[in-house]
1. In segment 1-78, which trypsin sites (Lys or Arg not before Pro) are in a loop and have at most 16 other Cβ atoms within 10 Å, using DSSP for the loop call?
2. Give, rounded to the nearest 20 debye, the magnitude of the charge dipole that segment 36-92 has about its Cα centre when Lys and Arg contribute +1 at Cβ and Asp and Glu contribute -1 at Cβ.
3. Averaged per residue, what accessible area in Å² does the chain show with a 1.4 Å probe, protein chains only?
4. Over all alpha-carbon pairs in the chain, figure out the percentage whose distance exceeds 25 Å.
5. Can you tell me how much longer the chain between residue 284 and residue 247 gets when fully stretched, taken as 0.36 nm per residue apart minus their C-alpha distance, in nm with one decimal?
6. Report the residues of segment 238-282 in range of a label on residue 96: point 7 Å along Cα→C-beta, backbone N strictly under 14 Å from it.
7. Anyone know which of 257, 195, 74 comes out most mobile in the 10 Å Cα GNM of the chain?
8. Can you send over the carbon and sulfur percentage of the accessible area for the chain, probe radius 1.4 Å, protein chains only?
Amino acid sequence: MFLSCGDALFDLFEVQDGRGPASVALEGRVGGSPLNVALGLARLGHPSAFFTKVSGDLFGRRIRAFMQDEGIDQRFLVPTTRGTTLAVVSLTPEGTPHYDFHIEGTADRSIEVADVPEHFPDDLSAIHIASYSTVTEPTASALLHLIGQESGRRFISYDPNIRATIEPDLDLWRERMARILPKATLVKASEEDLQQIHPGRSLDSVLSDWMSAGPAIALVTRGENGAIAATAGGHEVQLPGVAVTVVDTVGAGDTFQAAALAFLSERGRLSREGVTAMSPAELEELVGFAIRAAAITCGRRGADLPRRADLGLQPLA
């Protein structure tokens, strides 16, 4: 089983309805980077659970209903009367999302250390954390406590997924990354993220630093230019992107992450030792699979992640 933790919100997409500037039409969809990863894993046939606080408001009730429909295990959800985080999403002409967050004091930003379970089921193999939950308190400290408690026993997956509109202090993002990386088995970031927190640095130098910090595998997504991967086994591969008619890129990075985790699980590589032992050919296959999955999401509206059939895969036994 995979456990994703943290962000659980509603994306409210601007809809062009032709009524002029005096009105705004919005289309709401469940979102949040780690929740998207939980969705992606569930749609790829892997047992997937989620840990966060969830509101009892309209949006929180819809989030629970969504998890029910998608088969995401809710046993680790913590109920709260706080409101649900909302992200108003407008798109550039190229389909790149711009976010305005309504987030102060909301449910997924209010997880306390005391809310972290002391024990997890034996079948929990991997934990994923990501995005603003890792830098906004008290949730950030709770998640750091969680992975500190479980690191060494579980595969830890991490995506900083920088959201400077929520937390503009990039030094805080850097400090938190420095604390999480030694506990992580896999780290993934977008090239755009790295340009924000490591301006002027080459991708190779960042990957080298990541490997020195502790993860067994590091992945950098580069949009239409594909992705780069490096492992503690000394291998590095770079693959180009897949041509696709982009509707928007919402959820593409999360799709890449979920696909990479699913690949490692299905190949028996979901461990530090398993990742380190991967051959260059196997690493290239992982990156290619994750790129293909992300391309499917880019061809759809919002974080509509692919199922196994979309990728030509048979159901898991």
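1. Working: sites: 19, 29, 43, 53, 61, 62, 64, 75; in loops: 19, 75.
Those that pass, being in a loop and sparsely packed, are 19, 75.
2. On the way: 7 positive and 4 negative charges, 30 e Å.
I would put it at about 140 debye.
3. 41
4. On the way: 22865 of 50086 pairs.
Counting pairs separated by more than 25 Å, the tail of P(r) holds 46 percent.
5. Numbers: separation 37, 0.36 × 37 = 13.32 nm, distance 2.66 nm.
Length difference between fully extended and current span is 10.7 nm.
6. 248-250
7. 195
8. Values: 6480 of 13130 Å².
Percent of accessible area from carbon and sulfur atoms in the chain: 49.
The values are calculated or read from the model by the stated rules, or taken from the named source; none is laboratory data. Computed from a prediction, not measured in an experiment: that's the story for all the values here. Because the Cβ atoms are built from the backbone with ideal geometry, glycine has one as well, and the counts that use them run over all protein chains shown. Ligands, DNA and RNA are excluded from the accessible area calculation, which covers all protein heavy atoms including side chains. Shrake-Rupley method; radii C 1.70, N 1.55, O 1.52, S 1.80 Å.
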